[in-house]
Amino acid sequence: MKQRLDAEKRMKDAGRLPKGQSLTLRFPVLHYGGVPAFDKKSWRFRIFGLVEEETTLTWDEFCSLPQTEITMDIHCVTAWSKADTLWSGVSLRTLISTGVAKINKDATVLVQHCEQGYTTNMPVRTAMGDNFILATHYDGAPLAPEHGFPLRGVCGAIPGRKDLDDVYLWKGGKWLRGLEFLSEDKPGFWEKAGYHNRGNVWEEERFSDM
């Protein structure tokens, strides 16, 4: 307990703990529905919507893309935060720079499509930030099934980077299967259920006013 409280105080003193959040040293598991099975042979990742050409990748093709590694603080809407989490995977910027995703200039919204019909939305400009990654690994190891194996979106907070749009953890979808680019907003599962459409952690945008 003392270790957690001391770490929490350091986070608060450094301005890294948003209002209403408590630090955890664990990694809580929260999601809607069960944990889906992964079949490498049938798994496909789809990029569609406002793109020049729809793209579908196999698991091996996705894993062959240039990798990115980032360390972030993550903040859950249920009021826990975890510091200095290490993720690796593929950034949206990499998908674009390699020509895998050729996004139309009118695309302003990104919708993550996941197993079991789950979706979540965010502005393309948020997803283009250094703090958003399509993660295959956490802390140097492949994602655990309950944390989204084989692929999940993650958007966190990079300490000292005030230029980024830091959103709650639900804005990264577990068991990710596709990215859809749109010109008009399309709220996802939790957004339709009353969660805030943007979800900025520093503004404490947890729930919708509707």
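Given the condition within 13 Å of the chain's Cα centre (by Cα) and of a type outside the set (D, E), answer yes or no: does some residue in the range 101-110 qualify?
Yes, the range 101-110 contains a residue that is within 13 Å of the chain's Cα centre (by Cα) and of a type outside the set (D, E).
Consider H137 carefully, then state whether it is closer than 20 Å to T78 by Cβ and either surrounded by fewer than 19 Cβ atoms within 10 Å (Cβ to Cβ) or aliphatic (A, V, I, L, M) (or both).
Against the criterion (closer than 20 Å to T78 by Cβ and either surrounded by fewer than 19 Cβ atoms within 10 Å (Cβ to Cβ) or aliphatic (A, V, I, L, M) (or both)), H137 does not qualify.
Condition check ((1) in contact (Cβ under 8 Å) with a residue 24 or more places away in the chain; (2) more than 30 Å from R16 (Cα to Cα)) across all residues:
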{"residue": "E54", "(1), (2)": "no, yes"}
{"residue": "W59", "(1), (2)": "yes, yes"}
{"residue": "V77", "(1), (2)": "yes, no"}
{"residue": "S91", "(1), (2)": "yes, no"}
{"residue": "M122", "(1), (2)": "yes, no"}
{"residue": "G129", "(1), (2)": "yes, no"}
{"residue": "I133", "(1), (2)": "yes, no"}
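If you take the residues of the range 132-188 that are more than 10 Å from the chain's Cα centre (by Cα) and hydroxyl-bearing (S, T, Y), which of them is nearest to V90 (Cα to Cα)?
T136
For the range 61-75, which positions are under 26 Å from M11 (Cα atoms) and free of Cβ contacts under 8 Å to residues at least 24 places away in the same chain?
E69
I'd like the full set of residues that are within 19 Å of G199 (Cβ to Cβ) and either at pLDDT below 90 or surrounded by 12 or more Cβ atoms within 10 Å (Cβ to Cβ) (or both), limited to the range 1-23.
Answer for the range 1-23, where residues must be within 19 Å of G199 (Cβ to Cβ) and either at pLDDT below 90 or surrounded by 12 or more Cβ atoms within 10 Å (Cβ to Cβ) (or both): R16, L17, P18, G20, Q21, S22.
Quick test for you: out of F27, F48, pick the one residue that is surrounded by fewer than 19 Cβ atoms within 10 Å (Cβ to Cβ) and touching a Lys or Arg at 6+ places or on another chain (Cβ under 7 Å).
Within the list F27, F48, the selection yields F27.
In the list L143, L182, L110, which residue meets the criterion of being crowded, with 20+ Cβ neighbours inside 10 Å and touching a Leu at 6+ places or on another chain (Cβ under 7 Å)?
Just one listed residue meets the conditions, L110.
The values are calculated or read from the model by the stated rules, or taken from the named source; none is laboratory data. Here the structure is a predicted model, which is why all the values come from computation and not from measurement. Here the Cβ is made from the backbone with ideal geometry for all residues, glycine too, and neighbour counts use every protein chain on show.
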